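Working notes, beginning with the structure itself.
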Amino acid sequence: MSNLTGERPPHLGNLDDPNMIGDELVFFVNGKKITEKHAEPEMTLLTYLRRKLGMTGTKLGCAEGGCGACTVMLSKYHPHLGRLIHHSVNACLAPVCSLHHCAVTTVEGIGSVAGKLHPVQERIAKSHGSQCGFCSPGIVMTMYALLRNNPTPRMADIEEAFQGNLCRCTGYRPILEGYKTFSKEGGCCGGRVKGNGCCMTNVDKTKGYVNNHDNWNSTLPAPLYNPADFQPLDPTQEIIFPPELMSLGKTQSPTQLRFRGERVLWLQPASLDELLELKALYPNAKLVVGNTEVGIEMKFKNLLYPVILAPAYIAELNTIKHTDLGIVFGASCSLTVLGDVLKAAVASLPSHQTGVLTAVLEQLRWFAGLQIRNVAAIGGNIMTASPISDLNPVFMAAGCKLTVMSKAGQRVVVMDEKFFPAYRRTILTPEEVLLSVLIPYTKKSQYFAAYKQSPRREDDISIVTSGMSVTFAEGTAVVTDLALSYGGMAATTVLAKNTANRLMGKQWGEELLQDACSSLAEEMVLHPSAPGGMVAYRRTLTLSLFYKFYLTVQQKLATEGVCVEEVRADYVSATEVYHQKTPSSVQIFQAVPEGQKEEDVVGRPMMHLSAMKQATGEAVYCDDIPLYENELHLCLITSTKAHARILSIDTSEAEVMPGVVTCVFAKDIPGSNMTGPIAYDETVFAEHTVTCIGHVIGAVVADTQAHAQRAAKVVRVSYEDLQPVIITIQDAITHQSFYQPIRTIQRGDTEQAFTQADHVLEGEMHMGGQEHFYLETNVTVAVPKGEDGEMELYVSTQSPSKTQVLVAKALGVPANRVVVRVKRMGGGFGGKESRTTVLSTVVAVAAHKLKRPVRCMLDRDEDMLVTGGRHPFYGRYKVGYMKSGRVVALQVTFYSNTGNSMDLSLSIMERALFHMTNSYSVANVWGRGYLCKTHLPSNTAFRGFGGPQGMLVAECWITDVAQSLGLPTEQVRRLNLYKQGESTPYNQILEHITLDRCWDECLEISGYKQRRAGVDEYNRTHRWTKRGLSIVPTKFGISFTALFLNQAGALVHIYTDGSVLLTHGGTEMGQGLHTKMVQVASRCLGIPPCKIHITETSTSTVPNTSPTAASASSDLNGAAVYNACEILVQRLEPYKTKNPKGCWEDWVRAAYFDRVSLSSTGFYKTPDLGYDFETNSGRAFNYFTYGVACSEVEIDCLTGSNTNVHTSIVMDVGNSLNPALDIGQVEGGFIQGVGLFTLEELRYSPQGYLFTRGPGMYKIPGFGDIPTDLSVSLLRDATNQKAIYSSKAVGEPPLFLAASVFFAIKDAITAARAESGLSGPFRLDSPATSERIRNACEDRFTKLCPPALPGTFTPWAVIV
């Protein structure tokens, strides 16, 4: 090693010998001893479990500890604590080398379907908390680890445990509700009762009404499941900690461990002296405790640390001492231990001493997820020197003292403004290690607080953090000491020294506040191009957070009798610390008719057929298929330029790297390089030109995924930049860069109507895109069959047939040589409708070239880079309306950011135009849609498919109309709602419309009138927090807008034992399609569902299938299944007639012996469809799904944070095939919409580079983002004759109802703006992030931090 210094002590041996034999790594997995003789320091526990042990229950979701899909339980005896510790950890970050003498418990180890499910597994399944199931093993293990430590947790404990877990399907409610049954609060939903006891106890069952809810007048909801069916938790039956490890932990003294890998040496010193020796030998070695930072750097920043020191179990680094000055924590203490010790101290110490301790605890509440806090060390947090650290500003403001040590000795340094000299640097020398941290007690007359603002409360990276401390001359309000520390305002954590000096000696009051704000505005400046963007918001936050501190201190001084002005009553909410309330919920659906046979499961809340397997980790996803013997792994080579000519590609370095077999490029394609879902306007591999960052240029194939990824990073591509580079919609408009055709829908005479309208207003809004964030990324396994060009592909795709066609095209073989198989997907949401072929064609070409199986599962950052997402939209509108609020004319122009290929963008724009009036009847309409050709990865289908974009603009202009007239928005919306028999802009007459019923029921169950009065009263008495309320309808057209796709096939086999194998053209991605198809077949054949099985979707069984999309899959495939089953029923009828007392098996056998076919195909095509844009005629949709939602929110006007207080949803889904699945779709779609409209923000550089490439920077809703109070009601008695068994489509329609949250936020902002004398319509773009909310709540603080003028700087990120 080049960084050796000095003599090496003899006991350390020759650590630099590449042939050095490492130590044996010993650990246990699910009670079984593992002895690994060749431990690889760069291998994570997740990779070891999945690839070495073949245990695929634990899933890879993000590889950065941000989603929780890989959660396992780690158990170890800690000698310095003298006890056994169980905690949840992220297997994707835990280095396998860190597990010596640990016991790992995975989802497979606690229960199985064949054996016995653990109660944690059973309850998530039976409470309908598992849809796609990819996140379920991680959620199960998080809950399991909590119960191992605390068998009767509080709900607050459960909510805290889940801060590090994400789910994209369910909307979280059923998971929390199922697991609430473990808690002290018990199994009641809490929906309609204050205090203890079940909310159902006060029901007058003679009337069938719930009486103890003021605004409730519906029939008693039937339960979706019965908690009485759950098996009890018995803590005595859990897996025991291996006795061998227990005795080793108690008796064996620590020994040094050494593991040498391909590139990295891992050293685990046994003592502090050994650590200091090693740090002297390897000054540049990284110290790793939790690997929550170094693991990320090595994976995502392409950094290599040849030597890693692991000091996690050194006694001195884990010591905790209580002193007169404060509490000393060893640097290796985990953040969980830190929190536990501080909680105990706060409970026992006098309150005046606990200021800093309480502030640290407040930051820890929102610090990452529990899995990270369990392993991340306090010392690592400091030494990482992140400029947006949550804790460092607190430590700096508190003046924490750090003890650092090297072989040369030890010294104490104070965390002050000199401690971080530069970005990611500290004043420690390379040989020094951080030994301990002293967190001081506060003194009398000292007040301390900490603040953090982030896009999402839970598990999120900060935008701005702060620690603030003020000390007064005793008994006065005169400042004697002040420290204001900020993170997120520079390249390091900084102290506002100038401001502090300026305020010294001043009286705590209004004059000081004004001085502080003007001084902070001058001192806390950011360049308009600063990394992270949001410059005006971040600057405003420095003032807003100080103002919160100012009011908090003022309030405390007043209560302690110091002579200061009292805090105004309407200002007090600015001082309140946010505490999450436990969510409550109610679900209402229509029970099956009296007399329906017990075995007829249609209309019953039947559990998802795979839920149990998903909860135990036994459900097989694409990457869970066991490795083939000679299988290889592939990694993509992608463009780093948005628009450039490829000059050369140098693979020489990659080809000689370990494990590399070959590189694959366009020249290796045996068939055609042209591809695309509709138009062939894309290439499998870019050949001459790249048109986006992330454009696939080639691929590296190697023996392992790690080798392939390392080699792909060293492929050198030389480019010549091309102009123009078009990134944003505005760029495209400037350059007139549009795809053809440009679609227009027109009805009536808008120009004439504008002249007759009382008022005309114009407006515009931008709606950001959205990443699908399916938990299972794109994956393909391609297996060449060795003859006739045959190939079998296992793909996570919604479009098996399109995959088959495009792979065959690339290979130059007929489609009949390619079989595509889909068992299930870990989520899809439209993202796997067309863009999956970007990967599957590449993998197929590589497998064809090498004649060996090839596998590729994209990492999260690769998937987000390459695959595109929901189209960003820009809408301009002009609307004419009468004094009453009746809208009479509308002109709207849409622009979508299509990306570098057409993909499905034309159909998406068409649907946006079809939905441009949402649920409102407008006599004169003109709408036009432009597809912007840009240099971004092609955007694609996403739940709603253009509908939400069109409808959001509609809700924007209807809100503007109401605001301009000073009328209640709900009044204007209700006035303009469609009525039975009215016609849409595309001339489709509306039949069986239920909008008015949904609207009225939503008003009723939400208690809208009382709620509105409550909101108005709240806003009158609160200045710095405001509430808002909104009720929003949706009308979603059901059918593919491309006529030919409205068809489906099915294949049903009856075997001689009476079992039925069912296959249809739809794919299962968590929505429960297979479950519904079994329900349909069960009713039609008259047999119980247990006799029916669906194994997979395959192009070899049902050909030429449409994608599972457009919400129409239950309708289309259900009708095809019904058709096939009806044919079989007719064939069996003679045998039933002959033997009426016989059973199903008797009739099947009789038919078989009579040589009657027991197999049938089924087919269905939707009748009477076909719209023509040229003539604006024909039926575009088979029918419409309607819904209405009412939401109430609370915003913090000083920070922009928002809380969803209440949501009521009424959804017309016809006669539900399965209320449990349909309510799951409503709730899951709604929460995904909450992400779209309030949280999820894709951030691109002006050059087209995507910054948000994982859960670290891209935030989907978490457990804490669901409404505190949620009611979902499926509309009663709303049969639909146009679909199977009178049901309706449910997948996409509910998503838009989350716009009720967006417009409730806008309503709250309106109240905040009124305080500053602002009224009337204002622009609020989507998503309504904390930044946009704060900036819209204009006040004295925003005025001090005006944004730089556009055009005077190059922004860090652009709105695409």
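The values are calculated or read from the model by the stated rules, or taken from the named source; none is laboratory data. All values reported here derive from a predicted model rather than from experimental measurement. All Cβ positions, even for glycine, are placed from backbone atoms using ideal geometry, and neighbour counts span all protein chains on display. The accessibility values were calculated without ligands, DNA or RNA, using every heavy atom of the protein model including side chains. Shrake-Rupley method; radii C 1.70, N 1.55, O 1.52, S 1.80 Å.
What is the percent carbon and sulfur in the accessible area of the chain, measuring with a 1.4 Å probe over the protein chains and ignoring ligands? Mind showing how you got there, number by number?
Working: 24770 of 47640 Å².
So the carbon and sulfur contribution to the accessible surface is 52 percent.
What does the accessible area per residue of region 1226-1350 come to in Å², with a 1.4 Å probe and no ligands, DNA or RNA counted? Can you show the working numbers first?
Numbers: 3500 Å² over 125 residues.
Heavy-atom SASA per residue in region 1226-1350 reads 28 Å².
Keeping all protein chains in the complex and leaving out DNA, RNA and ligands, what accessible area do you get for residue 851 with a 1.4 Å probe, in Å² to the nearest 10?
We get 130 Å² for residue 851.
If Lys and Arg each add +1 and Asp and Glu each add -1, what is the summed charge of the other residues whose beta carbon sits under 12 Å from the beta carbon of residue 346?
Result for the local shell: -1.
Which of 443/581; 613/832; 126/1009; 809/1259; 299/343; 418/641 have a Cα-Cα distance over 29 Å? Don't jump to the answer; show the numbers that get you there.
Values: 443/581 33 Å; 613/832 23 Å; 126/1009 37 Å; 809/1259 38 Å; 299/343 35 Å; 418/641 39 Å.
As for pairs spanning more than 29 Å Cα to Cα, those are 443/581; 126/1009; 809/1259; 299/343; 418/641.
Taking the solvent-accessible surface of protein heavy atoms with a 1.4 Å probe, what is the per residue accessible area of region 279-430 in Å²?
Working: 5670 Å² over 152 residues.
Per-residue value: 37 Å².
When you count, for each residue, the other Cβ atoms within 10 Å and take the mean per peptide, how do 752-762, 790-800 rank with the highest first?
Details: 752-762: 14.9, 790-800: 25.3.
Taking the mean over residues of other Cβ atoms within 10 Å, the ranking is 790-800, 752-762.
Distance from the Cα centre of region 642-664 to that of region 300-370, in angstrom?
Cα centres, region 642-664 to region 300-370: 45 Å.
Leaving ligands, DNA and RNA out of it, rank 429, 552 by accessible area with a 1.4 Å probe, largest first. Intermediate values should be presented prior to the final figure.
Values: 429 60, 552 25 Å².
Final ranking, largest accessible area leading: 429, 552.
Grab the other residues whose beta carbon is less than 11 angstrom from that of residue 1146, score K and R as +1, D and E as -1, and report the net. Walk me through the numbers before you get to the answer.
Numbers: positive: 1136, 1138, 1141, 1149; negative: 1145.
Result for the local shell: +3.
Quick one: Cα centre-to-centre distance for region 422-492 and region 675-696, in angstrom?
49
Among 501-513, 943-955, 44-56, what's the highest-first ranking by average C-beta atoms within 10 angstrom per residue?
On the way: 501-513: 14.8, 943-955: 27.6, 44-56: 19.9.
For the peptides 501-513, 943-955, 44-56, the packing ranking is 943-955, 44-56, 501-513.
Under 5 Å between amide H atoms, partner at least 5 residues away or on a different chain: which partners does residue 307 have, H built in plane at 1.01 Å?
Hits under the 5 Å cutoff: 265, 286.
Which cross-chain or sequence-distant (5 or more) residues have an amide H under 5 Å from the amide H of residue 1177, H modelled 1.01 Å from N in plane?
Amide H neighbours of residue 1177: 1172.
With every protein chain kept in place and ligands, DNA and RNA left out, what is the accessible area per residue of region 612-669? Probe 1.4 Å, answer in Å². Before the final figure, lay out the partial values.
On the way: 2520 Å² over 58 residues.
Accessible surface, normalised per residue, equals 43 Å².
Between the alpha-carbon centers of region 1300-1317 and region 281-295, tell me the distance in whole angstrom.
The two parts, judged by their Cα centres, are 48 Å apart.
Explain nothing, just the number: dipole magnitude of the chain about its Cα centre with +1 on each Lys and Arg Cβ and -1 on each Asp and Glu Cβ, in debye rounded to the nearest 20.
Details: 125 positive and 131 negative charges, 129 e Å.
In total the dipole reaches around 620 debye.
Show 414, 356 ordered by accessible area, largest first, where the area counts protein heavy atoms only and the probe is 1.4 Å.
Working: 414 60, 356 0 Å².
Ranked list, largest accessible area first: 414, 356.
Accessible area of residue 87, 1.4 Å probe, to the nearest 10 Å²?
40
Do you know the relative contact order of the chain, to the nearest whole percent, from alpha carbon pairs under 8 angstrom that are 6+ apart?
Working: 3256 pairs, mean separation 153.9, N = 1360.
The normalised contact order for the chain reaches 11 percent.
With a 1.4 Å probe and all protein chains kept in place, how do 1257, 143 rank by accessible area, largest first?
On the way: 1257 95, 143 0 Å².
Reading off the accessible areas and sorting them downward yields 1257, 143.
Check residue 661: other-chain or 5+ apart residues with amide H under 5 Å from its amide H, H built from backbone geometry?
Under 5 Å from the amide H of residue 661: 701, 702, 703.
Mind running the shape call on region 616-708? Use the C-alpha gyration tensor, a ≥ b ≥ c as the square roots of the eigenvalues: rounded below 1.5 for a/c, prolate if a/b tops b/c, oblate otherwise.
Values: a/c = 2.11, a/b = 1.37, b/c = 1.54.
Oblate.
Give the residue from 1150, 1359, 959 lying farthest towards the positive end of the charge dipole for the chain; charges sit on Cβ (+1 for Lys and Arg, -1 for Asp and Glu) and the dipole is referred to the Cα centre.
In the chain, that residue is 1150.
Near residue 314, within a Cβ-to-Cβ distance under 11 Å, what is the net charge of the other residues, with Lys and Arg +1 and Asp and Glu -1?
Numbers: positive: none; negative: 273, 274, 316.
Every neighbour counted, the sum reads -3.
If each DSSP helix of 4+ residues adds -39,500 (n - 2.57) and the sum is divided by the residues in the chain, what number results at 222 nm, nearest 500 deg cm²/dmol?
Values: 35 runs with 378 residues, N = 1360.
The helix contribution divided over the chain gives -8500 deg cm²/dmol.
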